[in-house]
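Undergrad: My questions all concern the structure below.
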Amino acid sequence: MDGTFLLQQLVNGLTLGSVYALIALGYSLVYGILKLLNFAHGEVYMIGAFIGYFVLIGLGGPDALAVPVVVALTLMFLAAMLGAGLLGVLIERFAYRRLRNAPRIAPLITALGVSFFLQSTALLLFGARFRSYSTFEFLGGAVTVGGVRISATRILVVAAAFSLMVVLTLLVGRTTLGKAMRATAYDREAAAMMGIDVDRVIVATFLIGSALAGAAGVMFGLVFFSVFHLMGFAAGLKGFTAAVVGGIGSIPGAMLGGLLIGLAEAFSAAYISSTFQDLIVFLILIAVMLFRPTGLLGKADIRKV
Amino acid sequence: MAQIPRDEQGPSGQPRIGTDDWVASVEERRAARTGLSGRLLDRWERVPLWAPLLAVVAFGAVFPYLTDSDYVLRVGFNALVFALLALGLNIVVGYAGLLDLGYIAFFGFGAYAYAILSSNKFDLHLPTLAALPIVIAASALLGLLLGLPSRRVTGDYLAIVTLFFAQIFVTFTTNANRIVPPWSDEPIDLTGGPNGISGLDPFSLFGVDAIEVSSYFYIALVLVTLGMLGLYILSESRTGRAWKAVREDPLAAEAMTIPVNRLKLLAFAFGAATAGLTGSLFAAQQIGVFPQNFELPLLITIYAMVILGGAGSIPGVVIGAITITVVLEVLRGPADARVLFYAAIALGLAIGIRPWRRLAALLVGTLALGLVLNVLVGAIWPRATARGAAEGEGFVGSLVEAWVLTPTEPGDIGNVAFVVLIAAVLGLTLLRGTWRLVALAPTLYLAAFVWENRLIFQPSVTRLLILGALLVVLMNARPQGLLGTTRVEIT
């Protein structure tokens, strides 16, 4: 257990954490506005990963790219984000919209149904086999820092994730749309009375959140080589845990939570047991809910009646 | 404030002051229910409470004499196991309104607990009547523990915590065959890992060992009967009424001094105990337990049962459980699945489309469309009709063969058609009136095409697809379930 090993796990954790953070952001955004746990979010991430894969294959495959690597990567990310974003909007329009004022349990069960529907659709269309981006073929470079070899893909993924988070923070904090989103999250009815088109804001939220999940899917594919129809389920759970740990509804909280969960998973896989890493994450979730139900950066939810 | 739809207003067109509109217009709405489905629903609401119970018992009692096939009996047993599971989930979801997604883990826990207590695994051969109370108590306790962290936060968190728990349970049982405890170096094999535990003791009640499927069938029947009876009593009891109050409005319930958190945990423990008991029964009949018995597709199956019948309705969930078990069983064989598919579509159309003229026009239109397409495409591109319908036998088979295009290698075309079908169905929900009817014909044809060329080849995927879609559609169209009664909503 020397320093190099520790540093290696830190890099692993950061990479995984960036992916979780992006998923958590989607959960958090939607929850903040609709108070809806979108179980289908993990499946949107899975579809994003598949879109990235098929774009890569369409461009000639990993070992015979027809275009420069940068162009291929950009196209993969753009297509996955656009496709996932559209999927999110469709889900909102056709599955959730009519249930906006229904009892809380109705949209949750619907979300469960959407999640299983997408999972089995992916199984039907793409089959059950694992697919790999095989990035070694075109992104083989690596940097050595302090004796640790960090592959180019990992640097790329962490950098891309952080820039997306910065863009999102600016979008929510500085633009009119962001202002409308914050207002809708604060009080939907009052926002509507102030002339905010709440439907549009909700559609935009699903678009942005799902696009982030799509990007996360491509990132996961780039680093971990396994794209398959069940990948969204576990990732969705971890993403949600990250959102809760950070404080659901809070954007910096989702990022922090994602990184924490990623690090916890990497370190427990390395030092305890990889079969029980899920258990560790689950225990973290339970502990946070017992001792700090609002999450690390969440605000207390004071209800007035 | 919800707007009052025109048909729910008083006779003068104005909402009556001083009465609740929903209550005031109940007679009118009942009268407004016409057609086949409306009449059936009216009948259903007038059925006395004991009738479904009697029907289940009477049918169940003679069922083993109607068949001599062990396979059919086992399906019957499975239906009853699912009915028990649905009844237990009904307490948690239907009465208390808590979304417990870890329910299958309690089912699995009960099965594994029974397996550990009554098999060669640790050479504990507890008698059934000693093992079952332990299993039930342990399941209830586990339910309480899992419910605890959600006490301080809203119910949504409960959903995800329990879902996570279900996932962990499968991982745990798959890997708990080599746990190294801190006090020794010898790994312990607790669950048998992926191979599970087999060679379980049969249920042994009052000195008689249950070995035949029919014995288990009767045990399950007794349990379902007791479960339904118990739920009738429970649902109108103090606790049952308090649960419903918590479901409708936890805040108001709390203001009425109902101990909301304690009741939620109680519901949770009740559900877990039922699932645990059912798990033991399931394990004993199967003579073994395996991690893959308790994976997530089971969860969505049970939820579909409860939602289909109507959460909160006791006969509803039992009927839902039996229907879905039988339907899923029928979907295994392509020939039967086909008949079921077209029958379901025909039934849906007959209930949904009125007057009969429109229905007839639609059916004729769809048939004509298919026949013309088949002739035209077959002339241009012979491969499109070359394969012949899969297992084209019987009347339905030959009709389908003449009607649906069946290209020789349907894989990719089937996939594209499937995606187009989803888009078409979504688009259909946006259309109104005649346009919807016009668009329905090609959509129906497309559905038949996708069914014959893609779905029929992968029954296991198709089952999950149907269940997932069923949940979404039911929740959007009829959240109270097919047999549930409309709840009074005052907003």
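The values are calculated or read from the model by the stated rules, or taken from the named source; none is laboratory data. What you are looking at is a predicted structure, and each value in this text was computed from that prediction instead of being measured. Cβ: placed from backbone, ideal geometry, glycine included. Neighbour counts: every protein chain shown.
Undergrad: Among the listed residues A:Ile105, A:Ile91, which satisfies the condition of being aliphatic (A, V, I, L, M), within 12 Å of chain B (Cβ to nearest Cβ) and within 19 Å of the chain's Cα centre (by Cα)?
TA: Details: A:Ile105 fails: within 19 Å of the chain's Cα centre (by Cα).
After ruling out the rest, the residue left standing is A:Ile91.
Undergrad: A follow-up question, please. Looking at the stretch B:89-100, I want the residues that are more than 11 Å from every other protein chain (Cβ to nearest Cβ) and have a partner that is part of a loop (DSSP other than H, G, I, E, B) and small (Gly, Ala, Ser) with Cβ atoms under 9 Å, at least 6 apart or on another chain. Which pairs are those?
TA: Every condition considered, the pairs that remain are B:Leu89/B:Ala311; B:Asn90/B:Ala311; B:Asn90/B:Gly312; B:Asn90/B:Ser313; B:Tyr95/B:Ala311; B:Tyr95/B:Gly312.
Undergrad: Could you check the stretch A:143-161 and list, in sequence order, the residues that are surrounded by 14 or more Cβ atoms within 10 Å (Cβ to Cβ) and either over 15 Å from the mean Cα position of the chain (by Cα) or aromatic (Phe, Trp, Tyr) (or both)?
TA: Step one: of the stretch A:143-161, the residues surrounded by 14 or more Cβ atoms within 10 Å (Cβ to Cβ) are A:148, A:150-158, A:160-161.
Passing the criteria: A:Val148, A:Ile150, A:Ser151, A:Ala152, A:Thr153, A:Arg154, A:Ile155, A:Leu156.
Undergrad: Same structure, new question: Taking B:Tyr103, is it touching a helix residue (DSSP H, G or I) at 6+ places or on another chain (Cβ under 6 Å), within 14 Å of chain A (Cβ to nearest Cβ) and farther than 30 Å from B:Thr191 by Cα?
TA: Numbers: touching a helix residue (DSSP H, G or I) at 6+ places or on another chain (Cβ under 6 Å): yes; within 14 Å of chain A (Cβ to nearest Cβ): yes; farther than 30 Å from B:Thr191 by Cα: no.
So B:Tyr103 fails the test.
Undergrad: Is there a residue being outside any helix (DSSP H, G or I), more than 19 Å from B:Phe341 (Cα to Cα) and of a type in the set (S, T, N, Q) anywhere in the stretch B:433-445? Working first, answer last.
TA: Let us first name the residues in the stretch B:433-445 that are outside any helix (DSSP H, G or I), namely none.
Within the stretch B:433-445, not a single residue is outside any helix (DSSP H, G or I), more than 19 Å from B:Phe341 (Cα to Cα) and of a type in the set (S, T, N, Q).
Undergrad: Would you please list the contacts, defined by Cβ atoms under 8 Å and residues six or more apart or on different chains, that run from a residue in the stretch B:415-440 that is more than 11 Å from chain A (Cβ to nearest Cβ) to a residue that is in a helix (DSSP H, G or I) and of a type in the set (Lys, Arg)?
TA: B:Leu437/B:Arg358
Undergrad: Looking only at the stretch B:340-382, which residues are at pLDDT below 80, within 28 Å of B:Glu329 (Cα to Cα) and surrounded by fewer than 13 Cβ atoms within 10 Å (Cβ to Cβ)?
TA: B:Gly352
Undergrad: Sort out which residues of the stretch A:270-293 are in contact (Cβ under 8 Å) with a residue 40 or more places away in the chain and either surrounded by fewer than 19 Cβ atoms within 10 Å (Cβ to Cβ) or outside any helix (DSSP H, G or I) (or both), and write them in order of number.
TA: Answer for the stretch A:270-293, where residues must be in contact (Cβ under 8 Å) with a residue 40 or more places away in the chain and either surrounded by fewer than 19 Cβ atoms within 10 Å (Cβ to Cβ) or outside any helix (DSSP H, G or I) (or both): A:Ala270, A:Tyr271.
Undergrad: So is B:Gly411 at pLDDT 80 or above, surrounded by fewer than 16 Cβ atoms within 10 Å (Cβ to Cβ) and under 26 Å from A:Leu125 (Cβ atoms) or not? Give the derivation first.
TA: Values: at pLDDT 80 or above: no; surrounded by fewer than 16 Cβ atoms within 10 Å (Cβ to Cβ): yes; under 26 Å from A:Leu125 (Cβ atoms): yes.
So B:Gly411 fails the test.
Undergrad: Still on this model: Yes or no: the stretch A:241-260 includes at least one residue that is within 14 Å of chain B (Cβ to nearest Cβ), in contact with a helix residue (DSSP H, G or I) (Cβ under 9 Å, 6 or more places away or on another chain) and surrounded by fewer than 22 Cβ atoms within 10 Å (Cβ to Cβ).
TA: Within the stretch A:241-260, none of the residues are within 14 Å of chain B (Cβ to nearest Cβ), in contact with a helix residue (DSSP H, G or I) (Cβ under 9 Å, 6 or more places away or on another chain) and surrounded by fewer than 22 Cβ atoms within 10 Å (Cβ to Cβ).
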